[in-house]
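Beneath this line is the structure, given in structure tokens, with notes to follow.
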Amino acid sequence: MITPELARLLIDLSNEIRRQIGILVGRRGSIEMVMVGDQRGITVPDLSRYRTGIPRLRGLRLIHTHLQGEPLTEEDLTDLVLLRLDMMVALLTHGKTDQESVHSAYLLPDNPEKRVWEINPPSSLRQIDMDFLRWVQSLEDQFQKGQRVLPTRRSGERAILLSVSRENRAVLENSMEELKDLAESSGVWVTERIIQRPQNISQSTLMGEGKLKELLVKCMQSGVDLIIFDQNLTPGQMATISDLTELRVIDRTQLILDIFAQRAQTRDGKTQVELAQLKYLLPRLGRKTLALSRLTGGIGGRGPGETKLEIDRRRVRERIHLLEKELERLGRRREQQRALRKKAGIPILSIIGYTNAGKSTLFNLLTSSHFKADEQLFATLDTATRRIKFSIPLRMKNRSREIVVTDTVGFMKDLPRDLTGAFRPTFDELRDSDLLIHLVDAGSPRSSDHIEAVEKILLEMGLEEHPRLLVFNKEDRADPEEMRALCKRYGAVSISALRPESLSKFFEVLGKKLWEVESLGNPKSPDGESELTNRDWFDISK
């Protein structure tokens with residue numbers, strides 16, 4: 001480790017000046033830094049220029065003196081963890097040679113007891129000489145062995161999901177499950193999910209210092225360098241946590257933005273995503289921290305983030321202004337298209353719903369299209385519009401045999417405000433729709449929460465009074481009796497977008513609903529019967 005002679009020199013100098021003295025020693029014995037503190041402690045300078053990367057230790061050990069004969073303190077162990085030191089060593093002295101001793105501690109790889117560190121028994125100065133390089137290489141091998149235990153069939157980044165809140169645990173668990181789906185949709189391999197409900201939430205780091213240390217060691221033990229918070233972090237919180245842990249830290253909003261950056265295909269979608277990302281990043285450009293440099297690649301750093309994180313705020317604002325102008329121009333073009341459809345008297349249906357409800361699958365079935373419809377969140381980002389035909393004319397005035405169906409981006413609870421604002425031109429499509437088809441995943445245990453979330457978004461958009469039809473999808477995944485009770489409770493109809501034969505009831509109810517809309521609340525014909533019967537079918541073709 002160090003020679004007894006060097007340890008003796010440090011103790012003598014420390015006793016002489018009555019201040020703690022510390023040295024940072026490299027793996028091959030080179031002294032990298034010398035620090036002089038006061039009687040109570042020393043201050044370790046910035047170590048960011050030394051080797052980093054969460055799977056590895058720092059490559060430095062801190063050796064310092066304690067003047068009062070006290071063993072390793074809580075502050076020493078905190079530095080051991082947060083700085084990822086190879087070892088923390090304290091040279092104890094009471095001013096008497098026969099009472100001098102050495103106390104040391106090091107971090108532990110993954111272990112059944114979930115211990116964070118190992119504190120060695122005190123030893124004398126004569127026992128401190130050891131083959132440190134071989135020992136520390138063996139320790140790192142144990143860390144890497146624990147990291148390889150994790151499944152490697154996925155090539156994405158590894159992350160730990162973290163929720164820190166005082167909300168009800170059931171609510172937090174549901175939200176965490178959704179965050180896991182979001183992370184996996186973004187290509188992240190989730191190694192662990194952690195929920196903390198502290199009595200007091202730290203304004204700077206959300207969690208306490210002790211929990212922060214445990215989290216850092218857990219990331220080292222599992223080879224994780226990304227933390228995803230379920231809560232939306234302030235710029236200050238993100239910078240503080242990232243600088244303290246040297247981990248990449250993102251929140252729920254940035255994860256959603258990352259997914260959108262991956263999925264945007266059209267010019268409209270890419271423009272909207274870039275605008276939302278820049279609005280999110282703008283307040284985080286106020287101070288240049290380690291957190292910014294860690295966000296320039298990988299999950300949470302796609303799209304404009306890769307090239308615009310380090311530019312000044314003025315240029316970001318200029319880019320935001322240009323994007324807003326571009327969205328206005330694209331919005332006027334969409335408005336003209338909607339006006340033409342409205343003038344032609346073609347009914348417009350928009351399929352809306354919580355993300356992953358099956359909207360694109362239903363859209364493909366109705367229009368014989370082949371748009372991407374994966375079983376993941378936000379698989380569809382860009383709006384798609386197609387026409388379909390009735391097999392017989394609808395007996396509604398000024399209506400043709402055609403109908404326009406629009407597939408929209410999925411909704412989600414607590415959708416980022418900037419994202420909602422950026423996609424408002426897309427949501428404007430809903431305002432000109434004659435009918436909103438609100439699709440719900442009947443197989444989800446959180447279907448009622450999803451309905452509530454969509455209704456809340458419609459309220460915020462001023463569409464709470466817009467005509468809509470509630471449809472439960474994936475009825476094949478639910479118990480038939482429960483499905484019938486659910487439909488009766490909500491006044492809905494159930495289908496399976498994977499089974500065309502299940503759409504009979506849906507078409508019947510849809511026809512009646514369209515007639516209600518056309519008749520302005522008078523759904524009955526003069527003879528008291530609905531204008532559409534079970535024989536009125538759609539021709540499921542373009």
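The values are calculated or read from the model by the stated rules, or taken from the named source; none is laboratory data. All of these numbers come straight from a predicted model, not from anything done at the bench. No Cβ is skipped: glycine too gets one built from the backbone with ideal geometry, and neighbour counts run over all protein chains shown.
Would you confirm whether or not the stretch 340-348 contains a residue that is without any contact (Cβ under 8 Å) to a residue 12 or more places away in the chain and either part of a helix (DSSP H, G or I) or not assigned by TED's automatic domain parsing to the domain that holds Pro500 (or both)?
Within the stretch 340-348, the subset without any contact (Cβ under 8 Å) to a residue 12 or more places away in the chain is 340, 343.
When the remaining residues are screened for being either part of a helix (DSSP H, G or I) or not assigned by TED's automatic domain parsing to the domain that holds Pro500 (or both), the result is 340, 343.
Yes, some residue in the stretch 340-348 is without any contact (Cβ under 8 Å) to a residue 12 or more places away in the chain and either part of a helix (DSSP H, G or I) or not assigned by TED's automatic domain parsing to the domain that holds Pro500 (or both).
Only one residue in Met461, Met412 is more than 28 Å from Ser496 (Cα to Cα) and modelled with pLDDT of 80 or more, so which one is that? It would help to see each step written out before you state the result.
Working: Met412 fails: more than 28 Å from Ser496 (Cα to Cα).
From the options Met461, Met412, the qualifying one is Met461.
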Exercise for the section: Output yes when any residue across the stretch 196-204 is farther than 24 Å from Lys413 by Cα and touching a helix residue (DSSP H, G or I) at 6+ places or on another chain (Cβ under 6 Å), and no when none is. Expected result: yes
Problem - Lone unmet requirement of (1) over 22 Å from Ser369 (Cα atoms); (2) modelled with pLDDT of 90 or more; (3) of a type outside the set (Asp, Glu) for Ile495 - result: (1)
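Could you pull out the residue among Ile2, Ile63 that is closer than 30 Å to Gly223 by Cβ and either over 43 Å from the mean Cα position of the chain (by Cα) or buried (at least 19 other Cβ atoms within 10 Å of the Cβ) (or both)? Spell out how you get there, then give the answer.
Working: Ile2 fails: closer than 30 Å to Gly223 by Cβ.
After ruling out the rest, the residue left standing is Ile63.
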Problem - Scope the stretch 250-270; condition modelled with pLDDT of 85 or more and polar (S, T, N, Q); matching residues - result: Thr253, Gln254
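Residues are listed down the side, and each one gets a yes or a no for (1) at pLDDT 90 or above; (2) polar (S, T, N, Q):
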site	(1), (2)
Asn120	yes, yes
Ile128	no, no
Phe143	no, no
Ser163	yes, yes
Glu173	yes, no
Glu177	yes, no
Gly187	no, no
Arg193	yes, no
Asn200	no, yes
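Would you check if Ser204 is in the same structural domain as Glu246 (by TED's automatic domain parsing) and modelled with pLDDT under 85?
Working: in the same structural domain as Glu246 (by TED's automatic domain parsing): yes; modelled with pLDDT under 85: no.
No.
Test Val273 against the criterion of being modelled with pLDDT under 85, crowded, with 21+ Cβ neighbours inside 10 Å and more than 19 Å from Glu157 (Cβ to Cβ), and give yes or no. Working first, answer last.
Numbers: modelled with pLDDT under 85: yes; crowded, with 21+ Cβ neighbours inside 10 Å: yes; more than 19 Å from Glu157 (Cβ to Cβ): yes.
In short, yes.
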Handout entry: Output for the stretch 227-258, where each listed residue is free of Cβ contacts under 8 Å to residues at least 60 places away in the same chain, more than 16 Å from the chain's Cα centre (by Cα) and more than 22 Å from Arg197 (Cβ to Cβ)
Key = Gly236, Ala239, Asp243
Problem - Filtered residues of the stretch 222-244 (kept if out of contact with any Ser or Thr (no Cβ under 7 Å at 6 or more places or on another chain), part of a loop (DSSP other than H, G, I, E, B) and under 19 Å from Leu415 (Cα atoms)) - result: Leu233, Thr234
Problem - Leading residue by the ranking (farthest from Thr93 (Cα to Cα)) among those in the stretch 57-72 that are of a type in the set (A, V, I, L, M) and in a loop (DSSP other than H, G, I, E, B) - result: Leu57
Practice task
Identify, from the list Arg284, Arg317, Arg329, the residue that is modelled with pLDDT under 80, outside any loop (DSSP other than H, G, I, E, B) and out of contact with any Ser or Thr (no Cβ under 9 Å at 6 or more places or on another chain).
Solution key: Arg284
Completion exercise
Only unsatisfied item for Ile11, checking (1) in a loop (DSSP other than H, G, I, E, B); (2) touching a residue at least 24 places away in the same chain (Cβ under 8 Å), is (1)
Exercise for the section: Please work out which one of (1) modelled with pLDDT under 85; (2) part of a helix (DSSP H, G or I); (3) not basic (Lys, Arg) is the condition Val509 fails and give its number. Expected result: (1)
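For the subset of the stretch 415-446 comprising residues that are of a type in the set (Gly, Ala, Ser) and more than 21 Å from the chain's Cα centre (by Cα), which member is modelled with the highest pLDDT? Give the steps one after another, and end with the answer.
In the first step, residues of the stretch 415-446 are kept if they are of a type in the set (Gly, Ala, Ser); the result is 421-422, 433, 442-444.
Among the residues that remain, those that are also more than 21 Å from the chain's Cα centre (by Cα) are: 433, 442-443.
On the way: Ser433: 85, Ala442: 90, Gly443: 84.
If we take residues in the stretch 415-446 being of a type in the set (Gly, Ala, Ser) and more than 21 Å from the chain's Cα centre (by Cα), then Ala442 is modelled with the highest pLDDT.
For the stretch 86-107, indicate whether the set of residues that are among the basic types (Lys, Arg) and at pLDDT 85 or above is non-empty.
Restricting attention to the stretch 86-107, the residues satisfying the condition of being among the basic types (Lys, Arg) are 96.
Checking the rest, the ones that are also at pLDDT 85 or above come to none.
Scanning the stretch 86-107 turns up no residue that is among the basic types (Lys, Arg) and at pLDDT 85 or above.
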